[in-house]
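Notes to accompany the following structure.
Nothing in this text is a laboratory measurement; each read-out follows from the coordinates by a stated rule. Nothing here was measured: the structure is a model prediction, and the numbers come from that model. All Cβ positions, even for glycine, are placed from backbone atoms using ideal geometry, and neighbour counts span all protein chains on display.
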Amino acid sequence: MGPPGAGKGTQAKTLAVKLGLAHISTGDILRQNVAKATQLGAQAKEYMNKGLLVPDELVTKMVKDRLSQPDAAKGFILDGYPRNLKQAESLEAILKELAMGIDFVIDLDVDEKTVIERLSGRLACKGCNANYHIKNMPPKKPMICDNCGGALYQRQDDKEETIKKRLEVYRAESSPLIEHFRKENKLQQVFAGGDPEIVLNKIIELVSHDCHKV
Ligand code: ADP
Ligand code: ZN
């Protein structure tokens, strides 16, 4: 969890590779659907471009389908879901049905000034969804992905007006989830305003510490 620009995608992708887990990003799946002009993409596009949440039913069905795929059985990192209390309830029901569960909720804690600065300079890869930043994390070759050689682009929703709207939506709808998961004793908070490697190491430390206790 964490506001837009907290580093959820960056951290989740690296962690998934390191820990051998499936990375499930609702934002990435939605953007793929928009790019392929699927029915779901057509339904989601307007909401995404305005910085609003895509209706729960659409996203929840998508997450259920994704979690039912075989690679999720080895474990998964959810990135961008749940994003409100209703989605948290739906997720609980889905996981119960699939006999799976959540071990940790990592909240990436970062101030709004940092987030706005990060999002307005963010670049994403069309090929593999990797994230870069014009100044803080530039690709080796301009506008080309280091990982896959794909073209980099600025996301539609990374414009200043939309960034503000996304932050409002986060404050109103998503931040109440922090209390929800704290009550369930699953919440781990990590200061996410620093370098990505430092944040990653803290997360790994937290996760392995708790795993040793089990
Ligand atoms: P960020 O967290 O930086 O806003 P994401 O890629 O996670 O970026 O999400 C981009 C957009 O996709 C959101 O603004 C929203 O429109 C849509 N979206 C992603 N996940 C969800 C979700 N769980 N519920 C509803 N809409 C979602
Ligand atoms: Zn790439």
- Subtract the Cα-Cα distance of A72 and E57 from 0.36 nm times their separation in residues, and report this length gain in nm to one decimal. 3.3 nm
- With a Förster distance of 22 angstrom and the Cβ-Cβ distance between K126 and L21, calculated FRET efficiency to the nearest 0.05 equals 0.35
- Note on the structure: The extension gain from D111 to A93, computed as 0.36 nm times the residue separation minus the Cα-Cα distance, is 3.2 nm
- At 7 Å along the Cα-to-beta-carbon direction for both T38 and I198, put a label point, then send me their distance in nm to one decimal. 3.9 nm
- In straight Cα distance, which aspartates and glutamates are under 12 Å from K159, not counting same-chain residues fewer than 8 positions off? E117
- Task: Only bridges with both residues in the chain count here: give the DSSP antiparallel percent, nearest 5.
- Result: 45 percent
- Message: Using the Cα centre of the range 111-210 as the reference point, and only Cβ charges (+1 on K/R, -1 on D/E), how large is the resulting charge dipole? Debye, rounded to the nearest 20.
- Response: 300 debye
- So how do K183, K64, K8 line up by other beta-carbon neighbours within 10 Å, fewest first? K183, K64, K8
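Where does each of D157, D71 land when they are ranked from fewest to most other beta-carbon atoms within 10 angstrom?
So the ranking, lowest neighbour count to highest, is D71, D157.
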- Item | Listed residue (C125, V115, H180) projecting farthest to the positive dipole end of the range 90-214, Cβ model | C125
- Item | Mean separation of Cα contacts under 8 Å (6+ apart) over length of the chain, as relative contact order % | 28 percent
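Under a point-charge model restricted to the Cβ atoms of Lys and Arg (+1) and Asp and Glu (-1), what is the dipole moment magnitude of the chain relative to its Cα centre, in debye to the nearest 20?
Working: 32 positive and 29 negative charges, 115 e Å.
Computed charge dipole of the chain: roughly 560 debye.
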- Unit charges on C-beta of K, R, D, E only; dipole of the range 1-128, Debye: 520 debye
